[in-house]
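A.B. asks: Before anything else, here's the structure in question.
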Amino acid sequence: MNNKSYLGGIIEAVKSLSIGMKTSLKVFFEKHETEQYPENRSTLHFSDRNRFCLEMPHNDKNEHKCIACGLCQMACPNDSITVTSEMVTTEDGKKKRQLVKYEYNIGQCMFCNLCVQACPHGAIRFNQEFENAVFDKNKLLMQLNQPGSKVEEKPKPAPAAKPAAPAAAAPKAEAPATTETTKKEE
């Protein structure tokens, strides 16, 4: 009785193995529909909503929009942003805050987008660069403002022209309607 159950088990195992092998061979020779990451780097596209790495865009004059208000630093829940600023005196004699260093630690960042939403001037945004794997943790600490960069200067609106003075009032001749009204009153 043991021999029949032993042989029956072996037959069931071989039958199950052949079904599995048949399925595996069928899938192995089919055309693949999925895209594989390393091979499709050139055609890879992500949605604009994806958040990969924070950046501070600069224009061709090396100017950025950051005014060093520190709202992004306060909004960051795990302190991955450090804004260093200094007070400078402008030509007008007013004191103004100026950005010295904008540090971003991508190793601590949880990509929550709170910093981007808190920025009143749109000075920072998330880009589409997602390959951030490094062997040294110090390489994850980035300075977003470029050396020698400065704040974008918005064109100052021209002073509003003063309204022209009204022309000297000439003596008014009485209108005929006024004359008629006067006659009726008499």
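No value in this document is a laboratory result; all are computed from the given coordinates. If you're wondering where the values come from, they're calculated on a predicted model, not measured in any experiment. Glycine gets a Cβ as well: all are built from the backbone with ideal geometry, and neighbour counts include every protein chain shown.
A.B. asks: Let me check I've understood the local charge: for A123, count other residues with C-beta under 12 angstrom from its C-beta, Lys and Arg +1, Asp and Glu -1. What total comes out?
C.D. replies: -1
A.B. asks: Let me ask you something else. Kindly state, to the nearest 0.05, the FRET efficiency for R97 paired with L140, given R0 = 30 Å and r defined as their beta-carbon distance.
C.D. replies: The calculated FRET efficiency here is 0.65.
A.B. asks: By its C-alpha gyration tensor, with a ≥ b ≥ c as the square roots of the eigenvalues, how is the range 45-145 shaped: rounded for a/c under 1.5, else prolate for a/b larger than b/c, else oblate?
C.D. replies: The shape class here is prolate.
A.B. asks: How big is the dipole moment of the range 45-145 about its Cα centre under a simple scheme where the beta carbon of each Lys and Arg is +1, that of each Asp and Glu is -1, and everything else is neutral? Debye, nearest 20, please.
C.D. replies: Computed about the Cα centre, the dipole is about 260 debye.
A.B. asks: Still on this structure, please answer the following. Pairs K95/K139; K65/K94; K61/K137; K31/K139; K95/K137; K31/K137: which exceed 29 Å Cα-Cα?
C.D. replies: K95/K139; K61/K137; K31/K139; K95/K137; K31/K137
A.B. asks: Here is a follow-up. Find how much the distance from E63 to D48 grows on full extension, using 0.36 nm per residue of separation minus their present alpha carbon separation; answer in nm with one decimal.
C.D. replies: 3.0 nm
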